[in-house]
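Heads up, the thing below is written out as structure tokens.
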Amino acid sequence: MTNIIALFLPLLSGLFFLIGLGIVKYSKHKKTLSILSIGLAFVVMFGMIFLDLIPEIILLTDSLQSQKIVKIIYVLCFIGLGMMILKIFDKFLPAHNHEHNEKEKNKEEHNHHMAHIGFILATSLILHNILEGMSMYVVGIENLKAGLLLACGVGLHNLPLGIEIASGLEKEKKKRYIIFISLFLSAFLGACILHLFSFEFTIFQEFALICISCGMILYIALFELLKEIKNYRNNKYIYIGMAIGLFLIAWMTFLG
């Protein structure tokens, strides 16, 4: 039963892309909600790392039949591998910010440029999400609460990206819906791949996958969200988002 629930966790993270689309279409407070989600995601991800993933890694590490120094090397290597995987994917992502170019001839050219960025960003994220869906599934079958937190954290990270992609593709209405359905389902596809070809994980394989997942989450928090936190450090909504994140972590811990 836990495996089935974990299988559908990526749909929760994908839902935030659709929320981003809805915000662009209906809300007058796009920027505020985007900043709020960044602060919330930052706290939720770090809370999940320290309160759920690290204790899980320590527990699995104790079960390994290796010397202590070897175990430490394994932990560092697999966490580093998780960070490296996302670093490689980031190489294919365009910058998340767009500055208006004075040489752009007219508004139509600007819209075309924004649409181009939206398409590239969406395509890269679809591949990126497949890996994240695998991580959510692996974490979820080991610890459902941690999997739920991961899905929420990744989802909140997806929200500002969804807003950005939807804004860029505002003039490409038909293609925009196809892309957002793909974004919504891509992480679920990653989980399905693992579920359909599932086998009995050994303790070492579980340990390796949890460490890789931890590295991926750490990368998002440190190299993507922290950068945004610094950019909006003078904005009160970033701190409101962080406060909500602390409340969410405390609530989830209490429920656990």
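Read the figures in this text as sums done on the coordinates, not as results from a lab. Since the structure is predicted, the reported quantities are computational estimates derived from the model, not experimental observations. FYI the Cβ positions are ideal-geometry reconstructions off the backbone, even for glycines, and counts take in every protein chain you see.
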**Fill in**
Projected area averaged over all directions for the convex hull of the alpha carbon atoms of segment 194-239, nm², comes out at 4.8
**Request:** Scan segment 17-75 for trypsin sites (Lys or Arg not before Pro) in coil per DSSP, keeping those whose Cβ has at most 11 other Cβ atoms within 10 Å, and list them by number.
**Result:** Lys28
**Request:** Using a cut-off of 10 Å between beta-carbons, work out the net charge of the residues near Glu142 (Lys and Arg +1, Asp and Glu -1, Glu142 not included).
**Result:** -3
